[in-house]
Amino acid sequence: MKIALSQINYHIGNFEKNNEKIIESIQKAKSAGAELIVFAELAIGGYPAKDLLRNSSFLQHCYQSIEFIAKHCKDIACIMGAPVPNKDGEGKSLYNAAVLIENGEVKHITKKSLLPDYDVFDEYRYFEPNKIVSCINFKGKTIALTICEDLWDDDGPNSYVGDIMLELAKENPDLVINIAASPFSYTHFESRKNVLKRNVIKSNAPLIYVNQVGAQTDIIFDGRSLALNRKAEVIMELNAFDEDLQYVELNNNDLEVEEVHQELKTSEISLIHDALILGLRDYFQKSGFKTAVLGLSGGLDSALVAALACEALGAENVLSVLMPSVYSSDHSLKDALDLVKNTGCQHRIIPIKDIAAAFDSTLAETFEGRENDTTEENIQARTRGTLLMAISNKFGNILLNTSNKSEAAVGYGTLYGDMAGSISVIGDVYKTQAFELARYINRDREIIPINTIVKPPSAELRPDQKDSDSLPAYDILDAVLFQLIEMEKSKDDVIHLGFDEALVNRVYKMLCNAEFKRFQAPPILRVSPKAFGPGRSMPLVAKYSF
């Protein structure tokens, strides 16, 4: 039996375009002689559709799409994810389901049993969990059809009661199919493969895994769909961060391919780079945007965002605005102009010296008797934010936020100033990773000026200012933040790892105090296992230390 794996970049709610892509894949697979084609979890409607799943019109379009696609499933069957109504009269009104269509009709519906509600997932809000599991039959083969989390029941802290695959294994399946919407993080692929391998061993059957690809605002799906043989060996891996259609053969109760896949050797930084490019490009294309604007300071973060934007959107669609103040150094202006030259992006220079001075003069009477402090520094940042938003409003250029994760974590940013933006491009990238990413971007030629990478980071809001005046060294800061955020460790846990107690307490306090700022920040492209945003939910006012 020839089986097609169809990895598609869906657009939530864009039924016409999604259906067109699905049908195109069906036609290609049929022409290639495939008897079955497999699509991802919630291919119908898109994932995550969130509260659109409460909208009756949206759901009606989902059901109509299933009927429409079914008409094209003649001489080929398909499995695809879709929301389906719960007709049992109890519980939530929907199931997250896998639909088997054969000869133009829905022949079987498998419902998802394990509904994740951790990190970015919130499936219990919309779906009823399935309670009875069984295999399906297709052309004389017993198939254990599962949906994403159904295979993750024994994985660490998110374990569930019960083991779906052990139940399905009792029916001696010939093949396991798992359709998924599994988001990218730079640590996730290996654990994903290990989960799939464990389930091959449990079921004693080969496995096909089809994942979504593409970005849905902050959540990025990497694709990398897989086929594993009965020995739990990966024999095929589909494209990372791109659509793909590939074929496997089910012969003699095992999966075969014409050429056994050699696993790609990819670095963490290259994956982060490719994820950010996809995330930025999809955010613009799926939102109907074309042009971007950002503030270019001559520092690392804005240079990094500018370079990524030029690659994702085309340099002609990126406007970098240089806004030097009285404290901006000559080398920062030169570094910014060198980046403009290297990328070919559009640029403007708008000095803010007089504007900031006007604010200071206007507030002089009100602030009389008080020393200059971060207030005056923030006025500069907010002046820049106001100018950028004015340009965004006037020309329709979408403002890109340039803050990194280290700064966001400790509140080293100005609300309504450098924290402004429609999308945060590197808000899930630590400063130490930003340096690596800049070097990766320069792997073939100098795009980000070397001086931008090697000079000490500075906000340049006061004379001779350095980030190190206010923050610990980034390599130490990021190591502590990683334990507190990604590893979700307590202060005491981090101190026991060998970090200085005073330092940990200081970083922890900054992390907690900045929660209200992050609550007002733009959505962040997620590349880590724990990004700020829906994946990390903390109260704004709480008197508790963890």
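Report the residue count in the stretch 58-96 for those that are part of a strand (DSSP E or B) and at pLDDT below 95. Step through it out loud before you land on a result.
So the first thing to find is which residues in the stretch 58-96 are part of a strand (DSSP E or B), and the list is 77-85, 94-96.
Still in the list and also at pLDDT below 95: none.
So the count comes out to 0.
Return a yes/no flag: does the stretch 107-123 have any residue that is assigned to a helix (DSSP H, G or I), in the same structural domain as L151 (by TED's automatic domain parsing) and touching a Leu at 6+ places or on another chain (Cβ under 9 Å).
Kept after step one, since they are assigned to a helix (DSSP H, G or I), are these residues of the stretch 107-123: 123.
Those left that are additionally in the same structural domain as L151 (by TED's automatic domain parsing): 123.
When the remaining residues are screened for being touching a Leu at 6+ places or on another chain (Cβ under 9 Å), the result is 123.
Yes, some residue in the stretch 107-123 is assigned to a helix (DSSP H, G or I), in the same structural domain as L151 (by TED's automatic domain parsing) and touching a Leu at 6+ places or on another chain (Cβ under 9 Å).
Residues in the stretch 352-391 that are small (G, A, S) and in contact with a Gly (Cβ under 9 Å, 6 or more places away or on another chain): A381, G385. For the stretch 352-387, a residue qualifies if it is under 18 Å from Y327 (Cα atoms) and of a type in the set (V, I, T), and the qualifying residues are I352, I355, T374, T375, I379, T383.
Of all residues in the stretch 22-57, those satisfying the criterion of being buried (at least 19 other Cβ atoms within 10 Å of the Cβ) and part of a helix (DSSP H, G or I) are I22, S25, I26, A29, L53. Considering only residues in the stretch 358-399 that are without any contact (Cβ under 8 Å) to a residue 24 or more places away in the chain and small (G, A, S), the one that is farthest from A315 (Cα to Cα) turns out to be G369.
Quick one: which residue in V321, V293, V305 is within 20 Å of N397 (Cβ to Cβ), in a strand (DSSP E or B) and either basic (K, R) or out of contact with any Gly (no Cβ under 9 Å at 6 or more places or on another chain) (or both)?
Details: V321 fails: either basic (K, R) or out of contact with any Gly (no Cβ under 9 Å at 6 or more places or on another chain) (or both); V305 fails: in a strand (DSSP E or B).
Unique residue meeting the criteria: V293.
Per the conditions (1) under 25 Å from Q216 (Cα atoms); (2) among the hydroxyl-bearing types (S, T, Y); (3) crowded, with 21+ Cβ neighbours inside 10 Å, the sole criterion not satisfied by S422 is (3).
Could you tell me whether any residue of the stretch 292-303 is among the β-branched types (V, I, T) and surrounded by 15 or more Cβ atoms within 10 Å (Cβ to Cβ)? Yes, the stretch 292-303 has at least one match. The requirement of being out of contact with any strand residue (DSSP E or B) (no Cβ under 7 Å at 6 or more places or on another chain) and without any contact (Cβ under 8 Å) to a residue 24 or more places away in the chain is satisfied by Q60. Considering S458, S468, the condition of being closer than 27 Å to P324 by Cβ and within 29 Å of the chain's Cα centre (by Cα) is satisfied by S458 alone.
Residues in the stretch 488-546 that are in contact with a Leu (Cβ under 9 Å, 6 or more places away or on another chain), in contact (Cβ under 8 Å) with a residue 24 or more places away in the chain and among the basic types (K, R) were compared, and the one that is nearest to Y416 (Cα to Cα) is K517.
Residue pairs whose Cβ atoms lie under 7 Å apart, separated by 6 or more positions or on different chains, with the first residue in the stretch 101-125 and within 27 Å of D75 (Cβ to Cβ) and the second in a loop (DSSP other than H, G, I, E, B) and of a type in the set (D, E, K, R), are N103/K74; G104/K71; G104/K74. For the stretch 4-20, the set of residues classified as more than 25 Å from L255 (Cα to Cα) and either surrounded by fewer than 16 Cβ atoms within 10 Å (Cβ to Cβ) or touching a residue at least 60 places away in the same chain (Cβ under 8 Å) (or both) consists of N9, Y10, H11, I12, N14, E16, K17, E20, listed by residue number.
Taking the condition of being crowded, with 22+ Cβ neighbours inside 10 Å and of a type outside the set (S, T, Y), how many residues in the stretch 85-99 meet it? It would help to see each step written out before you state the result.
Within the stretch 85-99, the first condition is being crowded, with 22+ Cβ neighbours inside 10 Å, and the residues that meet it are 95-99.
Subset that is of a type outside the set (S, T, Y): 96-99.
Total meeting the criteria: 4.
A Cβ distance below 6 Å, combined with a sequence gap of six or more or placement on separate chains, defines the contacts here; from the stretch 282-300, residues that are within 30 Å of Y10 (Cα to Cα) and modelled with pLDDT of 95 or more reach no residue that is of a type in the set (D, E) and not in a strand (DSSP E or B).
If you go through the stretch 326-339 and pick out every residue that is in contact with an Asp or Glu (Cβ under 7 Å, 6 or more places away or on another chain) and surrounded by 18 or more Cβ atoms within 10 Å (Cβ to Cβ), you end up with 3. A Cβ distance below 8 Å, combined with a sequence gap of six or more or placement on separate chains, defines the contacts here; from the stretch 244-266, residues that are outside the structural domain of Y209 (by TED's automatic domain parsing) and within 16 Å of A29 (Cβ to Cβ) reach no residue that is surrounded by 10 or more Cβ atoms within 10 Å (Cβ to Cβ) and modelled with pLDDT under 95. The residues of the stretch 141-164 that are modelled with pLDDT under 95 and more than 26 Å from S93 (Cβ to Cβ), listed by number, are D154, D155, G156, P157, S159, D163.
Table: residues versus (1) surrounded by 17 or more Cβ atoms within 10 Å (Cβ to Cβ); (2) modelled with pLDDT of 95 or more.
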| residue | (1), (2) |
| --- | --- |
| I485 | yes, yes |
| S490 | no, yes |
| K530 | yes, yes |
| G535 | yes, no |
| M538 | no, no |
| S545 | no, no |
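Screening the stretch 201-228 for residues that are more than 9 Å from the chain's Cα centre (by Cα) and hydroxyl-bearing (S, T, Y) and picking the one that is farthest from I8 (Cα to Cα) gives S203.
Kindly establish whether G279 is under 27 Å from I447 (Cα atoms) and outside any helix (DSSP H, G or I). So G279 does not fit the description; no.
So, in the stretch 124-143, of the ones that are among the aromatic types (F, W, Y) and surrounded by 19 or more Cβ atoms within 10 Å (Cβ to Cβ), which residue ends up farthest from D254 (Cα to Cα)? Among them, the one singled out is Y126.
The values are calculated or read from the model by the stated rules, or taken from the named source; none is laboratory data. If you're wondering where the values come from, they're calculated on a predicted model, not measured in any experiment. Don't worry about glycine lacking a Cβ; one is built from the backbone with ideal geometry, like all the others, and counts go over all protein chains shown.
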